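**Q** The following block contains the structure, expressed as C-alpha cells.
The values are calculated or read from the model by the stated rules, or taken from the named source; none is laboratory data. Everything numeric in this text was worked out from a predicted model, so none of it was measured. FYI the Cβ positions are ideal-geometry reconstructions off the backbone, even for glycines, and counts take in every protein chain you see. These area figures cover heavy atoms from the full protein model, side chains too; ligands, DNA and RNA do not enter into them. Shrake-Rupley method; radii C 1.70, N 1.55, O 1.52, S 1.80 Å.
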Amino acid sequence: MSSSSDRWPKWAVEEVRLAETNPRWLAAGEHLTELLEKRLQPIGVTNVEHIGSTAIPGLPAKPILDIMALVPSYDSLHRIVETLSPEGWNYVPPELDLRPFRRFFVQVDNDKRVAHLHLFLIGEPRYEEQLIFRDALLDRRDWAMAYGQLKVELAERYRHDREAYTRAKEHFIEKILLDRKVKVTRYMTPDLRFPIGQFEHEGQVSAQQRRDWISDIASLPTKLAAAVEGLGRDQLDTPYRPDGWTIRQVTHHIADSHLTCFTRFKLALTEEQPAIRPYYEDRWALLADTAKAPIELSLTLVAALHERWVFLLRSMSEEDYARTFYHPESKKVFRLDTVLGSYSWHGRHHVAHITFLRERMGW
C-alpha cells in the first residue's frame, strides 16, 4: 500500500500464505517444545504445548509452529527475553500485539516467521481453550477437514491482512468449543483498519443528524492538529498498522480526500446527477507531496477547506441535500446528505488511526 512497510521488519508484514500439510511439523513441534522446556523451566515456565494447525496431521497451515506455555507471573519476563533473544526470538509487547491477556514472541529465520510462543498466566482460560480446540480436531477428522477448507478460503480472501484472517476463524473455533461445552472467553481484538467501526446509516437523514455531522466536519481541523501535535519526523513516518499508511500519509490523505469531496458537492449542486471521477488513493499516497511533504501544508489546507465547506453546508436546503451524484466505480447513486455522514465518519476514522497508534506506542 505504501512505502511505509520498510518501517517494520519483513516478518511483521508477511502475507498469509498456507503450505500443504507437512508430516515433519509434528516432530519439529515436539523438538521445539522440549527445547523451550529445557531453556525456560528454570525461569518458571511450565506446561509447554504445541498447538495450532501444525499440530494437526493433514491440515494446511502457515509453516509456523505455535507453542504455548504457562507462567505464574510476568515478573520474570525480562529473563525470558534475555534467554530467547540469542535464538532468534523477538518479543512483541502488548501495545503492538493488542492482546493483553498474553505475552507474545516470534522466532525469525531469514526474515521469516518460523515459530510463535504464547505465554499465558496460570489460570488464563484461553490456554485451556487452545488445548480443547486442538484435541477436538485431533478427535474429529470431519472438523479438522472443515477447518482446513475454511483456512484455505480465508487465506485467499485476506492474504494481505493477518488480523482479519485471524478474526474470520473465530466463529468456527467458537462453535467447536461450544460443542465441547466450553464457555468461550471472548476478547475482541481491535481492528486497526477501522478503529471506530465502519460508516453505517439507514433510513432518512434528519435535520438534527445533518447538524451533528456538520459539527464533525467543522471540528476536524482542530482534532487533526491535536492528534499530530508534538510528533517528530520518525513518528510521523510510522505506519498506523503494519503495511498501512504513515501518519504523514494519513494527514495528507485527509486533505486530498476532503478536497475531492468538496468538489463533488459543488458538482452535484450545480449539475443534474453528475458522474464523478474516482481516483487511486493508494497511488496518490505514494506521491512525494503525500509521502514526504511537511504535514503543516495539509493542516493549513484542511483548516481553510473545512471553513469553506462548512459555510456551504450550512447554507444548503433540504432539496440541496437530496441532490445526488453517480459514482462509476461502485455504480451507485449517492445523496449529498449520506455523503455528508460518510465524511463526518471519514475524518474521525483517520484521526483515530493516529490517536490509537499514539496510545499503543505511548507517545
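**Q** Quick one: would you say Asp97 is over 24 Å from the mean Cα position of the chain (by Cα), under 25 Å from Arg360 (Cβ atoms) and at pLDDT below 95?
**A** no
**Q** Looking at the range 211-230, which of its residues are outside any helix (DSSP H, G or I) and surrounded by 18 or more Cβ atoms within 10 Å (Cβ to Cβ)?
**A** Answer for the range 211-230, where residues must be outside any helix (DSSP H, G or I) and surrounded by 18 or more Cβ atoms within 10 Å (Cβ to Cβ): there is none.
**Q** So which pairs qualify, if the first residue must be in the range 267-293 and more than 15 Å from Asp256 (Cα to Cα), the second must be in a loop (DSSP other than H, G, I, E, B) and open to solvent by less than 40 Å² (accessible area, probe 1.4 Å), the Cβ gap must be under 9 Å, and the two must be at least 6 apart or on different chains?
**A** These pairs meet every condition: Leu267/Pro274; Leu267/Ile276; Ala268/Pro274; Ala268/Ile276; Leu269/Met316.
**Q** Looking at Thr251, Thr246 in this structure, which one is closer than 20 Å to His160 by Cα, surrounded by 14 or more Cβ atoms within 10 Å (Cβ to Cβ), among the hydroxyl-bearing types (Ser, Thr, Tyr) and in contact (Cβ under 8 Å) with a residue 24 or more places away in the chain?
**A** Sole residue among the options that is closer than 20 Å to His160 by Cα, surrounded by 14 or more Cβ atoms within 10 Å (Cβ to Cβ), among the hydroxyl-bearing types (Ser, Thr, Tyr) and in contact (Cβ under 8 Å) with a residue 24 or more places away in the chain: Thr246.
**Q** Sort out for me the helices (runs of 4 or more DSSP H) sitting completely within the range 135-184 that have 2 or more residues that are farther than 21 Å from Pro57 by Cα, open to solvent by 40 Å² or more (accessible area, probe 1.4 Å) and not charged (D, E, K, R).
**A** Numbers: elements: 141-157, 162-168, 170-179.
Fully inside the range 135-184 and qualifying: 170-179.
**Q** On the basis of being surrounded by fewer than 19 Cβ atoms within 10 Å (Cβ to Cβ) and at pLDDT below 95, does Asp191 make the cut?
**A** Spelling it out, Asp191 is indeed surrounded by fewer than 19 Cβ atoms within 10 Å (Cβ to Cβ) and at pLDDT below 95.
**Q** Additional query: Residues in the range 232-244 that are farther than 14 Å from Phe356 by Cα and part of a loop (DSSP other than H, G, I, E, B): how many? Please lay out each step first, then the result.
**A** Taking the range 232-244 as the starting set, the residues that turn out to be farther than 14 Å from Phe356 by Cα are 232-234, 237, 243.
Then keep just the ones that are part of a loop (DSSP other than H, G, I, E, B); that gives 232, 237, 243.
Number satisfying all stated conditions: 3.
**Q** Return the residues of the range 120-134 that are among the β-branched types (Val, Ile, Thr) and open to solvent by less than 80 Å² (accessible area, probe 1.4 Å); say none if nothing qualifies.
**A** Matches in the range 120-134: Ile132 only.
**Q** Would you mind stating whether Thr251 is at pLDDT 95 or above, over 28 Å from Leu96 (Cα atoms), of a type in the set (Ser, Thr, Tyr) and part of a helix (DSSP H, G or I)?
**A** Criteria not met by Thr251.
**Q** Filter the helices (runs of 4 or more DSSP H) completely within the range 265-363 down to those with at least 2 residues that are surrounded by 14 or more Cβ atoms within 10 Å (Cβ to Cβ), at pLDDT below 95 and of a type in the set (Lys, Arg). Give the derivation first.
**A** Working: elements: 281-284, 288-291, 295-315, 318-321, 336-361.
Qualifying helices (runs of 4 or more DSSP H): 336-361.
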